[in-house]
Each structure stands twice: as structure tokens, then as C-alpha cells.
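The values are calculated or read from the model by the stated rules, or taken from the named source; none is laboratory data. In this text, all values refer to a predicted model and were calculated from it rather than measured experimentally. Note that we place each Cβ from the backbone using ideal geometry, even for glycine, and neighbour counts take in every protein chain shown.
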Amino acid sequence: MSQSTVIDVSKIHVARLLLITTPSVVTSQSIVRQAHRFRPELHIIVRASSADQARALYESGVYMAVLPEMEAGLEIARQALLHLEIPVAVIQQYTDAVRQKIYAPIYQSSSDHQLLAKFDNIKNMLEISWVNLMPGSPLVNKSIQDTAVRTRTGASVVGIIQGKVFHSNPKADYSFQEGDLVAIVGNQQERNEFKRIAGV
């Protein structure tokens, strides 16, 4: 990131968001410094391995630090609970509670009192919504590819519950069926647009 060629290729001057996934907090902090030299207002989301790393990264000026191992564990737990037929609303309450417990110490120790609001915002940007395809839905009997979900809405289909079967990251040729419970990821506008084309 410190080399001019890398800066040019990364298009940092026009980027809307910078994602940093390196596991090294030192490298992440260096990238943050260089990026903010060119774009002080640029929002940066970065990977952190622990709450301590997240705090250090916030002090470097990042917009959001995410703990991927914790998030992956939550997704595994979510899928297991879905297979046990636990109501989706209950699962969501559980994952929200875990996130609050893990991330709260980071907010409390930070001098930025708006971090909690920022977390709520980024959570909304990346949230999963579950959409039930009702009888008469325009998506029924059409494949993910044919409906061009990603192109038309910006949202991604990341899972489908069909009866008691859970399809994780379904392929493009998956054909939507009446009664499918479809998991989509995207910001609020993208998720709302999926609901619109699904006839919800």
C-alpha cells in the first residue's frame, strides 16, 4: 500500500470502502495510515483476531473491526440451530446477544462514543434476511441464474431452507420452490429489493 503503483491499482482515490483482511495487526495499521494519508475520510473495515487487536485498530482510525473467527462460529451455530428447527427469530436474538457481549468491551474502552452506532450500521449493511416464498411468488420455479438476483437487487442468496433440508450457498441452477425460506445478504436497500421481486 505504501508504493505508488499499489495506490494507483487499488483506486484508493475513488474507493467507497476499504476492506483489510490480513491477520497481521501491524500490517493493517500500516495500510490504514497510508490509506488515510490519501483519503482521511475513507471508511475502513478490518479483520481483527482479538478484542485487544480491535481496540488497537480503532485507535488507528478504522471504521469497523470484525472478529472473523467469532462470526464464523456464529454462522456454524446458526446452521446447527436451523437444522434443529429452532425458530429463525430466536436464532437471531441469540446471535445478536453474543455479538453485543463480545463487542461491548471494545466500545466501552474506546474514546469514540459513536462506535456502537457504527456497529449497528455495519451490521445492517451485512445483515442476513430470511424471505419466505409464498404461493404466487414471481420467483417460484425459476432458477437463481434466470432471476438474476445479484444483478437485479445487489443481494446474494446464501442459503435456502426447503422443507427440512438446508441448502448452504445454493448453486446458480437452484430452482426456487413455493415455501422456500431464502437467506439473503446485502444492505437494507438490496434486501428490500429482493423482497419486492419475490412478491413479499
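Before moving on, here are some points about what is shown:
- Number of the condition not met by ARG196 [criteria: (1) part of a helix (DSSP H, G or I); (2) under 19 Å from the mean Cα position of the chain (by Cα); (3) surrounded by fewer than 17 Cβ atoms within 10 Å (Cβ to Cβ)]: (2)
- Within the stretch 49-99, being part of a helix (DSSP H, G or I) and small (Gly, Ala, Ser) holds for ALA51, ALA54, ALA56, ALA72, GLY73, ALA77, ALA80, ALA89, ALA97.
- Checking each residue in the stretch 22-43 for being of a type in the set (Val, Ile, Thr), more than 10 Å from LEU57 (Cα to Cα) and either touching a residue at least 40 places away in the same chain (Cβ under 8 Å) or crowded, with 16+ Cβ neighbours inside 10 Å (or both) picks out only ILE31.
- Residue within the stretch 183-195 that is out of contact with any helix residue (DSSP H, G or I) (no Cβ under 9 Å at 6 or more places or on another chain), among the β-branched types (Val, Ile, Thr) and either modelled with pLDDT under 85 or within 19 Å of LEU81 (Cα to Cα) (or both) present: no
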